[in-house]
Amino acid sequence: MRYWKIALIGLVMALLVPASGFAQQAKFKIGCAIPLTGVFGRDGNLVKDAYTYWAETINAKGGITVKGKKYPVELLFFDDKSDKAESAKLVERLATLEKVDLILGGFGSDSVFAASVISEKYKYPMISGGASSNKLFERNFKYYFSTLGKATEEVRGCVEIVDILNPRPKTAAIIGSDILFTSLAAEGFKQYCKAKGVDVVYYELFPLSLDDYNSLLFKVKQKNPDILLVGSHLKVALNVMKALKEVDFTPKMVAFSYGPTVPDFIKSLGKDAEYVVAAAEWAPNLLYKDAVFGTAKELNEKYFKRFNRYPDYVEVASIGGALVQQWAIEKLGFTPPLGAADRVKLMEELHKMDVSTVYGKIKFGPDGANVEHPPVAVQVQSGRLATVFPKEAQEKPPVYPAKPWKERK
Amino acid sequence: MKPKAYVWPAIAFLLALFPLLQLEGYYYRVLSMIFLWVGLASAWNLTSGFTGYIDFGAVGYFGIGNYATALLMARGGVDFFPAVFTGGILSGAIALFIGRYTMKLRGAYFGIATLAFAEAAKQIVLESDRTFKMTLFEGSHGITLPIAHGEPFFYYTFLATAFLIVLTVYIINGHKFGYALKAIKEAEDSAELAGIDTQRCKVLVYALTSAMIGVLGGINAYWLTYISPNDVFSVIHTIQMIVMALLGGTGTVFGPVLGATMLSIANEVIGARFLYTYLLILGFIILFIVIFLPRGITGLISLKRVRK
């Protein structure tokens, strides 16, 4: 018994030491609990890259400039394994043990839900670019912010696009996987279809663990809707596309709430990805810019040079979040280390922010959601994403209807 | 292994004094999490470790406890403690019913039936609202609970619950009932012949285990303030209970306590330092223990004693 007690005490002692060393130079220590493994592991890694890119860009210029002096930023990431309890625990760790100056939001509504309860408790503003479920904004929280719109609103562009399609679609089928974010997207599809007078002929939410997509899509095929709208994550989107091909059904348009904008989508499907439409909150050809990252197009190219892939809108939304927080700090003239009183002021300042960034306009409503977000829809054309809606930002007109599988080479 | 009876209450007492140190909130959360898993692994072990009936559906009762408590609190306006208590009773009652049928199955069939039960429970919570056009479970949208208490509250609630569960297992272990359970594991038919009502014993212990897991589920819901079916019914939870019990040593009183504590701490320590490889490291540790210590950590200790 004695050995184990000693071993246990040893382990607990090891725990007492914070993971990151104490900085010699005055730095902004910024923490983030993010899924690097588990269901959202892939998505979480994107957000990690985004924050890394932000930090590298800022540090290349010497850091955050406060009252003429520069303070570099140091990022500290923890893996929440796509698990709520883990995420909450890690944010608690960041706030109390690591004593970080600032916290950045993670990915996935479930995890962020639990994590933001902790950041609220310790009065850390948490800006997320990867969680948008409506319920996040219904808790009267003061410290939670999102650069994305609400989940039901994000898919607006994918439905409103019917106005510029010829012939105008009359019927739609809506499917979605039955987890928070994707079911909200499906709900959003339904609301906007109703508003646009598109008849919903089929509506089904299916379990995330569904294996047999073919029979699901076969049911859709029998209803023969003009368009198919899917509440999805990347994996769901890939499965739906494969099943559509196998049951040999080509809706005139297929739109996903999330998935096709992740580079893996086109890479995995190749030519089969053609004509697919997706909701986006950002596209590289939008006329957004700021003093730090330049234009949206420049960011897109530089990001490619750094990571050998183009950024997804969630990544740019995350960069936007980090940037707004940085600007608020610069404006308030806070130097590290930040105290609790500073963070209260920071929260108040964030609520007042109304800025243009490379991600677009950011202005937080009283509930923390970004009120300024355009309903962008993109389409895969010739192997790359082209913005097709709204018309002001149109890169190319939408290709409609999609070519049936048999006629594609 | 038979540690002196006062060692464990003494540890629990020291842990109860821990908040006096006024440490960072993170430690309370980590310890709360360890208590939660000590409770879950111990409760799981009471049925599966003692009788040898490997329950793959334990998370079903965790989820039921979560949802019962959340619904009572969020919709019924019930206070936390009565809500958690009701959640535990409900889990136990459901287990009493389910157990009457599943406990007649043996080996892999029992495992599959319990796994199916947990998945069915998840689907009921996910689909009922849509199927019956009502607003109760809110499907995948999950349920938000009121935010009220800080760390010491949950720290003590988890500590007391885990302590009571381990105490229950300890008492049963030395009781006639415990011997009946172990007899079932060794040779069920012989136990039956010896006059043990094996079916009754199995169903009872299953219901007791499930009620404990249900109570822990209820506390978990209030602790996290937001629950959704995919999370609280996740089969990963069951697997974690099994792994922790196996690591420590199944069928013993303190094996699961050690297993849960060590795995949780290892996860904390390694996870913070090796961002991408810690799961691999943990995997190797588990693999090592399973291969070289088939009776778990407590097995190693009792082996040493024999050698002495």
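Every read-out reported here was derived from the displayed coordinates using simple, explicitly stated rules and does not represent laboratory data. Here the structure is a predicted model, which is why all the values come from computation and not from measurement. A quick note on method: Cβ atoms are made from the backbone with ideal geometry, for glycine too, and the neighbour counts reach across all protein chains shown.
Numbers at a glance
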| item | result |
| --- | --- |
| Inter-probe distance in nm under a simple model that places probes 7 Å from Cα toward Cβ, at B:Y109 and A:D211 | 2.2 |
| Kirkwood-based shape ratio for region B:1-158, expressed as Rg/Rh from alpha carbons | 1.02 |
| For region A:358-409, Kirkwood radius (reciprocal of mean inverse C-alpha pair distance, Å) | 13.5 |
| Share of Cα-Cα pairs in chain A lying beyond 33 Å, as whole percent | 33 |
| Calculated [θ] (222 nm, deg cm²/dmol) that DSSP helices of n ≥ 4 give over the protein assembly as shown, each run adding -39,500 (n - 2.57) | -18000 deg cm²/dmol |
| Under Karplus coefficients 6.51, -1.76 and 1.60, residue-wise ³J(HN,Hα) of region A:175-190 in Hz, glycine/proline x | 10, x, 7, 8, 10, 3, 4, 6, 6, 5, 4, 4, 4, x, 3, 4 |
| Charge sum, other residues only, whose C-beta stays under 14 Å from B:K185's C-beta, Lys/Arg counted +1 and Asp/Glu -1 | -1 |
| Under 13 Å from the Cα of A:K196 - aspartates and glutamates, other chains or at least 8 residues apart | A:E160, A:D163 |
| Of A:K27/A:K69; A:K61/A:K305; A:K352/A:K391; A:K170/A:K190; A:K252/A:K406, pairs whose Cα-Cα distance is over 21 Å | A:K352/A:K391 |
| Rg and Dmax of the protein assembly as shown, Cα atoms only, in Å | 27.0, 87 |
| Positive dipole terminus of region B:69-221, leading residue within B:A108, B:T198, B:V166 (C-beta point charges) | B:T198 |
| Net charge of Cβ neighbours under 11 Å - reference B:V59; Lys, Arg +1; Asp, Glu -1 | -2 |
| Within the protein assembly as shown: Cβ-based charge dipole about Cα centre, in debye rounded to nearest 20 (Lys, Arg +1; Asp, Glu -1) | 1160 |
| Whole-Hz couplings from phi, Karplus 6.51/-1.76/1.60, listed for region A:155-169; x for Gly and Pro | 8, 3, x, 5, 9, 5, 4, 4, 4, 9, 8, 9, x, 5, x |
| Extension gain from B:R200 to B:A116, taking 0.36 nm per residue of separation minus the Cα-Cα distance | 28.0 nm |
| Packing-based exposure ordering (other Cβ within 10 Å, fewest first) of B:F18, A:F113 | B:F18, A:F113 |
| Charge-dipole axis of the protein assembly as shown as Lys and Arg at +1 and Asp and Glu at -1 on Cβ define it, positive-most pick from A:F40, A:V324, B:A10 | B:A10 |
| Count, lysine Cα pairs under 15 Å in chain B, 8 or more residues apart or across chains | 7 |
| Percent antiparallel among DSSP beta bridges (both partners in the protein assembly as shown, rounded to 5) | 40 |
| Nearest 10 degrees, 0 to 90: helix A:41-60 Cα axis against chain A principal axis | 50 |
| Residue pairs, from the table A:K84/A:K297; A:K84/A:K121; A:K271/A:K396; A:K29/A:K150; A:K48/A:K235, whose Cα atoms sit over 26 Å apart | A:K84/A:K297; A:K29/A:K150 |
| Rough spin-label spacing in nm, given labels placed 7 Å along Cα→Cβ, for A:K396 and B:L280 | 4.0 |
| Whole-Hz couplings from phi, Karplus 6.51/-1.76/1.60, listed for region B:150-162; x for Gly and Pro | x, 4, x, 4, 6, 4, 5, 4, 5, 4, 4, 5, 4 |
| nm² value of the averaged projected area, convex hull over the Cα atoms of region A:198-319 | 8.8 |
| Enclosed volume per residue, in Å³, of the convex hull spanned by Cα atoms of region A:184-253 | 83 |
| Percent of Cα-Cα distances greater than 12 Å, calculated over region B:21-70 | 71 |
| Förster radius 51 Å - calculated FRET efficiency between B:H149 and A:K403 (Cβ-Cβ, nearest 0.05) | 0.30 |
| Cα-based convex hull, region A:272-409, per residue volume (Å³, whole number) | 135 |
| Amide N of region A:160-188 lying under 19 Å from the label point, which is placed 7 angstrom from the Cα of B:I239 along Cα→Cβ | none |
| Aspartates and glutamates whose Cα lies under 20 Å from that of A:K267, excluding same-chain neighbours fewer than 8 positions away | A:D43, A:D49, A:E246, A:E301, A:D312, A:E315 |
| Separation in nanometres of the label points that stand 7 Å from Cα toward Cβ, at B:V290 and A:K196 | 5.0 |
| Cα point-scatterer Debye curve for region B:180-283, base-10 log of I(q)/I(0) at q = 0.14, 0.20 Å⁻¹ | -0.77, -1.18 |
